[in-house]
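What follows is a single structure, written as C-alpha cells, with notes after it.
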Amino acid sequence: MSASSDVRVRFAPSPTGPLHMGGVRTALYNYLFARRHGGKFLLRIEDTDQKRFVPGAEDYILEALNWCGLKVDEGVGASGDLGPYRQSERTAIYAQHIGSLMESGWAYKAFDAAEEMEALRKSAEAEGRVWQYDASTRMGMRNSLTLSPQEVASLEAEGVPAVIRFRMPEEPRDVVIDDLVRGKVQISTRVLDDKVLMKADGLPTYHFANVVDDHLMAISHVIRGEEWLPSAPLHALLYEAFGWTAPRFAHLPLILKPTGNGKLSKRDGDQGGFPVFPLEWKDPATGHASSGYRESGYLPEAFTNMLLLLGWNPGNEQEVFRLADAVEAFDLDRVVKSGARFNPDKAKWFNEQHLRSLPLDAVAAQLHATQPTGLNWDLQACHDVADMMLERVSFLSEVWEARWLFERPKSLDAKLVRKRWKADTDELIDGLMEQLDALESFDSASIETAFKAYLEDRGVGFGSVLLPFRILLTGEGGGPSMFAFAAFIGKEETRQRVTAGKSLVQSMQSE
RNA sequence: GGCCCGUUCGUCUAGGGGUUAGGACGCCAGGUUUUCAUCCUGGUAGCAGGGGUUCAAAUCCCCUACGGGCUACCA
C-alpha cells in the first residue's frame, strides 16, 4: 500500500433524493478510513442523470453529513484544487477523455435504437439465450465499427442519436480485482458487455465519469457498496485503457431489511416503524414526508455508532464508539463480507448508551432547546429534569411525552387507584401533606427526611403512602424519585396536585 | 436465465484445523431500588445440508441448497 499520507477517498452520491442510511454508512467508512490514515475525505456529486435529479437533494446530503459529524475535506461543500466536484460541471473533461478512448480504439460510436436492441434481447430470451451488446454481436449492429466513416458522418449530420460504447477485448481474458474486503474476484471479459460510456444526451454514464474523476482527483481507495462489485472489472479495464493505475477497491456488504427479503430500500422506513434516512425528508414533488433519525430523537453519534457496527467490528468486545474513538479503531480489514440485516432494537440501545454518557449540562441544554413552545423552562429546570429522567428514556424526546412533568395530570391510572387506595389512604396523605406544609426548605432531601419521619411516626410502610403520593402527583405508577419531583414542582404545585388528585380519586370511586 | 458475492444463536458478530463455539441486542429469571428505569448476576438460543482431506473440521476442498447483488443511454 502507498504511504498513508497519500490516502484520498471519496463519497460520491447522486442527488436523486435523500441519502439513506446505507449511503451514510458508506460515507462513514470512507471518512473513518481517511482519518485513520491521515488522508483526505472528498465529496463528489454524481449528477449525470438529469431525469432523476431532485432539487434539494444535494443540500440534504450536505446537511446529513454535517449532522453526522463527517467533515468533508475537499469537494462539494468544501474547497479543493481538483474540481469542479459536481459531475454536471465536468462535461468538457469527459468529452476530452472519451475522445482519447475513441482514438485508441477502446471506444466506438453506436447508433442502434433502444427498441431494436430490446427486440433482439426478447427473441434471444425466447430461445433461452442471452443477448448483449458485446464482442460477439457488435459486428452485426450499426456502429462506427461496422459503418464506413462516410455513413457515420451522414448519420451524425442527420442527428441520429448515438452513444459511445466501451469496446470489450475480442480475445476473452480474466480480469482480477483484488478487493480489500473480499480478496481476489475474477471475471471473464466474455460475460461483460460493451457498456455505454457516453449517453445520447452527451453526458457520461456512472462508469465512465467515475473512473475519469477518481483518477483526476487522485483517489487512492474506492470504498463503495457491494452493488458495484459486478462492474468493477469494467472499471479496471477502463483504467487500463487509459493507461492509468487503478485505485484499490473495497466493496462493502449491503444493509438488508430487518424482515423480509432484499436490501434496505428507501421505502422500508415508515412502514417498519423506523427511519431509513438520517434527516427528515419532504418529497418536493409529492409533499410526502419520511422520518429521519435526527427528528426521531437520535443522537448523531449513536446513529453513526449503530451504522459503524453494521458490517464492521473492532475484533474485541467494544461496541460503544464515539466518532473519534472509531477513527482510532477502524480499518478495512475488519469489514465483514456478508450483508447485515438492520435491527431497530439495537439502534435504540445505541442511543441509550450515548444518551447516558452525556454530561447533564449537555442534556439540559438539549432539553432547553427542544422544549415545547409555551413552556419556557430555564436551564436549571432542564437540568433538574435531565437528572430525574435521563436513565428512564431511550430518546430525549420522550421527556416531553411525560406531560406530568409540566402539567397537572387530568386522569389517574384507574387500575392502580383501585388496587392501591385503601380505607386509610386519604387520611395518610392528608397527614403527610401537613408535614410537608410545615417544611421550610422544600428540597428533595428535606422532603425525604420529613417523609420518612412521618412513616416512622405513623408506623406504616413506604408503599402505602409513597405510591398513592406518586399517583396523585403524576397519575402513573412509575417514574423518578418523588422527593426530587415534589421539590421540582414546588410546595404549592405539590399541594394543588394532591388536592386535585384526591378529588379525581373520589369521582373514580363513586362510579 | 447468465455472472458475481455470501451463509456461526431470532438479529449484529468473534472465532480461520484441537475452544465447555465467546460477546452484544432481544427475550426470560433473580438481585439492587420507595415505584419505574438504570445497574449487577444468571438463563435462553447457533456453526445451512451432503461429501471429501485429516489422528482431529465451524475452520481447508468439492457439490447442493438458501440468501444477496448485478444483468439500463440509473447510479
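The values are calculated or read from the model by the stated rules, or taken from the named source; none is laboratory data. Just so we're clear, the structure is a prediction, and the values are computed from it rather than from any experiment. No Cβ is skipped: glycine too gets one built from the backbone with ideal geometry, and neighbour counts run over all protein chains shown. Side chains included, ligands, DNA and RNA excluded: accessible areas come from the protein's heavy atoms. Shrake-Rupley method; radii C 1.70, N 1.55, O 1.52, S 1.80 Å.
Here are the numbers for this structure:
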read-out	value
Residue in the stretch A:306-333 that is least open to solvent (accessible area, probe 1.4 Å), counting only those that are of a type in the set (D, E, K, R) and without any contact (Cβ under 8 Å) to a residue 40 or more places away in the chain	A:325
Failed condition for residue A:276, given (1) open to solvent by 10 Å² or more (accessible area, probe 1.4 Å); (2) aliphatic (A, V, I, L, M); (3) more than 10 Å from RNA strand B (Cβ to nearest atom); (4) under 18 Å from the mean Cα position of the chain (by Cα)	(1)
Single match in A:208, A:249 (criterion: of a type in the set (Phe, Trp, Tyr), surrounded by 17 or more Cβ atoms within 10 Å (Cβ to Cβ) and over 15 Å from residue A:47 (Cα atoms))	A:249
Members of the stretch A:44-61 that are away from RNA strand B (no atom under 13 Å from the Cβ) and crowded, with 17+ Cβ neighbours inside 10 Å	A:60
Among the candidates A:170, A:158, residue that is under 20 Å from residue A:116 (Cα atoms) and either under 37 Å from the mean Cα position of the chain (by Cα) or not aliphatic (A, V, I, L, M) (or both)	A:158
Residue selected from the stretch A:131-178 under the condition aliphatic (A, V, I, L, M) and open to solvent by 60 Å² or more (accessible area, probe 1.4 Å), by the criterion nearest to RNA strand B (Cβ to nearest atom)	A:176
Residue selected from the stretch A:225-243 under the condition among the charged types (D, E, K, R) and without any contact (Cβ under 8 Å) to a residue 60 or more places away in the chain, by the criterion farthest from RNA strand B (Cβ to nearest atom)	A:240
Residues (more than 12 Å from RNA strand B (Cβ to nearest atom) and either open to solvent by 10 Å² or more (accessible area, probe 1.4 Å) or of a type in the set (A, V, I, L, M, F, W, C) (or both)) located in the stretch A:21-38	A:21, A:24, A:27, A:28, A:31, A:32, A:33, A:34, A:35, A:36, A:37, A:38
Positions within the stretch A:313-341 being touching a Lys or Arg at 6+ places or on another chain (Cβ under 8 Å) and more than 7 Å from RNA strand B (Cβ to nearest atom), in sequence order	A:314, A:327, A:328, A:330, A:331
Residues of the stretch A:286-305 classified as part of a loop (DSSP other than H, G, I, E, B), touching a residue at least 24 places away in the same chain (Cβ under 8 Å) and among the small types (Gly, Ala, Ser), total	2
Exclusive hit being more than 13 Å from the chain's Cα centre (by Cα), within 25 Å of residue A:31 (Cβ to Cβ) and not in a strand (DSSP E or B), set A:235, A:251	A:235
Of all residues in the stretch A:342-376 being aromatic (Phe, Trp, Tyr) and at pLDDT 95 or above, the one that is farthest from RNA strand B (Cβ to nearest atom)	A:350
Residue within the stretch A:318-336 that is touching a helix residue (DSSP H, G or I) at 6+ places or on another chain (Cβ under 9 Å) and under 19 Å from residue A:258 (Cα atoms) present	no
Which numbered condition residue A:222 misses (of (1) crowded, with 16+ Cβ neighbours inside 10 Å; (2) over 19 Å from residue A:99 (Cβ atoms); (3) within 12 Å of RNA strand B (Cβ to nearest atom))	(3)
Some residue of the stretch A:182-189 being out of contact with any Asp or Glu (no Cβ under 8 Å at 6 or more places or on another chain), hydrophobic (A, V, I, L, M, F, W, C) and not in a helix (DSSP H, G or I)	no
